[in-house]
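What follows is a set of notes on a single structure, which appears directly below.
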There are 2 protein chains.
Amino acid sequence: MKKALAFDIGGTKIYNTIIDETGAITEEVEKFSTPKTIEGIKEVLKQQIEKYDGKFNIVAIATAGAVNNENSAVIGSTGNLVQGYYTIDFQSLSDKKVFLENDANAAAWAEYRLGASKGTDISVLLTLGTGVGGGIIINNKLLKGKSGAAGEMHFKMFTDKRRKCTCGSWDCYEAYASGTALKQDAEEELNNPNITTYDVIDGLKNGDAVMTKIFTRWQNDITAGIIGLANLFDPDCFVLSGSMAQFIDIKKVEADVNREIVTSPTSIRLAAAGNYSGMAGAALLALEKFKSVNSESK
Amino acid sequence: MKKALAFDIGGTKIYNTIIDETGAITEEVEKFSTPKTIEGIKEVLKQQIEKYDGKFNIVAIATAGAVNNENSAVIGSTGNLVQGYYTIDFQSLSDKKVFLENDANAAAWAEYRLGASKGTDISVLLTLGTGVGGGIIINNKLLKGKSGAAGEMHFKMFTDKRRKCTCGSWDCYEAYASGTALKQDAEEELNNPNITTYDVIDGLKNGDAVMTKIFTRWQNDITAGIIGLANLFDPDCFVLSGSMAQFIDIKKVEADVNREIVTSPTSIRLAAAGNYSGMAGAALLALEKFKSVNSESK
């Protein structure tokens with residue numbers, strides 16, 4: 001069976017393992033702090049590529065940032081990654097084919113093949129973490145757009161410039177639906193810059209009225225964005241992924257969305273493809289795209 | 001050459017003509033006031049189907065309201081059309097195949113085949129009239145969604161319930177980007193319920209400062225929505241269609257959009273497929289879908 005050497009390159013951590021054609025992880029997952037330099041990132045990749053030499057047919061990288069339609073390079077801004085990250089020539093790091101996909105797109109593909117959106121035709125994945133990522137699948141294909149950057153969750157929640165977004169613009173969905181946004185909601189409500197998302201989640205779990213109110217506002221903002229996306233894409237389902245998704249009242253959001261949309265009812269689901277869905281999705285996409293790659297797998 | 005008997009059924013008017021495989025109109029376009037009853041609408045259709053008997057191979061209807069993925073029925077709410085409109089069995093009106101498509105989707109297809117988005121892979125059409133319609137083309141196909149209702153321009157411009165939308169919800173794009181919205185903007189600004197969109201447009205043309213300010217707010221709201229759509233779809237272009245599109249400063253909107261988006265630059269274009277793009281698009285879609293239909297054309 002063909003195998004991919006899979007990486008997930010994020011702003012904080014790089015994960016790495018081997019994944020086979022079924023999406024199964026066949027080696028222990030390794031974790032590295034993301035180096036602060038381009039050379040440092042290349043070093044980590046090269047070292048792992050060398051370590052697993054002979055055990056994989058292709059390199060599959062899920063990465064922060066938009067990836068071009070040839071799956072060969074990161075394009076444009078990558079937010080929390082080192083400046084110039086997009087200049088890395090990933091293919092030069094291995095004599096095997098190197099395949100890249102945006103991490104949210106890769107996660108959407110893993111959910112579609114193995115997880116919560118399996119069996120659906122049209123799905124929208126939202127990764128709710130430090131930021132908000134999006135991966136959209138329409139009739140068996142990832143929505144990539146003309147340059148590969150489609151699915152960016154930067155549509156406006158207000159048009160009167162209330163909250164700056166990491167993208168440089170104002171009032172994007174990411175600025176209201178991310179974990180960072182929940183902290184900001186709490187800071188504003190409590191006039192306390194030291195409050196954390198953990199404080200809010202703890203308060204929610206303990207039935208604290210103020211924390212519950214803050215959390216509910218954040219959840220309602222997530223719902224508001226999903227309503228617009230449901231009317232645009234008319235999807236079978238939404239998949240909520242990322243570290244913040246677990247706290248959301250899925251049934252409540254689903255009911256609220258279906259009460260407001262003009263399209264037919266949709267379903268909201270928690271991600272089910274596991275913690276390493278970015279790597280799994282990138283590996284599956286890579287192995288599907290390059291089925292004819294020469295096998296050197298043992 | 002095969003021909004379609006084409007209709008465009010809107011809230012106010014029904015248009016009808018014959019259109020061939022190249023999109024050319026081969027008979028004079030007839031216009032009817034849309035009857036206020038289901039029976040009345042069926043009567044108009046039946047009368048024209050009879051009139052052109054033997055001159056067409058298929059009936060192609062562009063209609064207000066979402067159309068199912070089989071192109072056989074209108075589903076769900078149709079806003080300004082008679083109640084129960086969706087219960088009409090359109091196929092029963094002719095012994096030829098009857099093909100339906102949403103009017104904005106049909107217009108998007110006409111622009112893609114004949115007009116402003118010809119030669120592009122990914123485009124978003126916005127019809128700016130009494131309401132706002134949307135038609136999205138991704139890699140040679142209309143985005144239809146699971147039920148046929150995709151492309152509804154009901155995403156939120158605010159999340160704090162400022163303006164009621166015709167869909168029953170609050171603050172949808174349609175409530176800020178339509179001609180009706182421009183009138184409402186003017187009413188609010190001038191505290192005058194009798195002001196019309198014509199007054200605003202006249203004032204704009206004559207360089208009136210207040211009317212220009214009102215118009216600019218409206219145009220900026222249109223821009224704000226396009227920014228979100230550009231980040232979601234990463235399209236080659238947007239096509240602005242409908243009665244209000246002609247007043248928009250296309251180059252200004254394009255510059256404003258490209259300054260804010262995180263995806264690569266897109267272009268904003270005025271519709272170019274003519275006044276009857278709904279009928280042309282429906283006819284082309286119908287003739288493309290049913291190429292094997294028996295010819296009775298003269």
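The values are calculated or read from the model by the stated rules, or taken from the named source; none is laboratory data. Just so we're clear, the structure is a prediction, and the values are computed from it rather than from any experiment. Neighbour counts are summed over all protein chains in view; Cβ atoms, including those assigned to glycine, are modelled from backbone coordinates with ideal geometry.
Among the residues of this structure, B:VAL98 does not count as one that is surrounded by 22 or more Cβ atoms within 10 Å (Cβ to Cβ), in contact (Cβ under 8 Å) with a residue 40 or more places away in the chain and within 12 Å of chain A (Cβ to nearest Cβ).
Looking only at helices (runs of 4 or more DSSP H) that fall completely inside the range B:195-298, which ones have 2 or more residues that are within 14 Å of chain A (Cβ to nearest Cβ), closer than 18 Å to B:LEU126 by Cβ and not acidic (Asp, Glu)? Filter on the range B:195-298 gives B:209-233, B:250-260.
On the basis of being crowded, with 22+ Cβ neighbours inside 10 Å, assigned by TED's automatic domain parsing to the domain that holds A:SER264 and under 30 Å from B:ILE222 (Cβ atoms), does A:GLY168 make the cut?
Values: crowded, with 22+ Cβ neighbours inside 10 Å: no; assigned by TED's automatic domain parsing to the domain that holds A:SER264: yes; under 30 Å from B:ILE222 (Cβ atoms): yes.
Taking the combined requirement at face value, the residue does not satisfy it.
Suppose the filter is over 28 Å from B:ALA106 (Cβ atoms), in contact with a helix residue (DSSP H, G or I) (Cβ under 8 Å, 6 or more places away or on another chain) and crowded, with 23+ Cβ neighbours inside 10 Å; does B:VAL239 pass it? Steps first, answer last, please.
Values: over 28 Å from B:ALA106 (Cβ atoms): no; in contact with a helix residue (DSSP H, G or I) (Cβ under 8 Å, 6 or more places away or on another chain): yes; crowded, with 23+ Cβ neighbours inside 10 Å: yes.
Considered against the rule, which asks whether it is over 28 Å from B:ALA106 (Cβ atoms), in contact with a helix residue (DSSP H, G or I) (Cβ under 8 Å, 6 or more places away or on another chain) and crowded, with 23+ Cβ neighbours inside 10 Å, B:VAL239 comes out as no.
Could you list all residues from the range B:111-129 that are away from chain A (no Cβ under 12 Å), surrounded by fewer than 23 Cβ atoms within 10 Å (Cβ to Cβ) and outside any helix (DSSP H, G or I)? B:LYS118, B:GLY119, B:GLY129, listed by residue number.
For the range A:147-159, the set of residues classified as farther than 26 Å from A:SER243 by Cβ and either more than 8 Å from chain B (Cβ to nearest Cβ) or touching a residue at least 24 places away in the same chain (Cβ under 8 Å) (or both) consists of A:SER147 only.
Considering the range B:72-95, the residues that are assigned to a helix (DSSP H, G or I) and in contact (Cβ under 8 Å) with a residue 24 or more places away in the chain include one that is surrounded by the most Cβ atoms within 10 Å (Cβ to Cβ), namely B:PHE90. The number of residues in the range B:146-172 that are closer than 26 Å to B:ALA73 by Cβ and in contact with a strand residue (DSSP E or B) (Cβ under 6 Å, 6 or more places away or on another chain) comes to 7. Looking across the range B:21-43, the residues that are under 16 Å from B:ALA107 (Cα atoms) and in contact (Cβ under 8 Å) with a residue 60 or more places away in the chain come down to B:GLU21, B:GLY23, B:ILE25. Residues in the range B:46-60 that are under 15 Å from B:GLU21 (Cα atoms) and among the hydrophobic types (A, V, I, L, M, F, W, C): B:PHE56, B:ILE58, B:VAL59, B:ALA60. It is to be established whether one or more residues within the range B:162-177 are within 12 Å of another protein chain (Cβ to nearest Cβ), free of Cβ contacts under 8 Å to residues at least 40 places away in the same chain, on the phi > 0 side of the Ramachandran plot and out of contact with any helix residue (DSSP H, G or I) (no Cβ under 7 Å at 6 or more places or on another chain). Yes, the range B:162-177 contains a residue that is within 12 Å of another protein chain (Cβ to nearest Cβ), free of Cβ contacts under 8 Å to residues at least 40 places away in the same chain, on the phi > 0 side of the Ramachandran plot and out of contact with any helix residue (DSSP H, G or I) (no Cβ under 7 Å at 6 or more places or on another chain).
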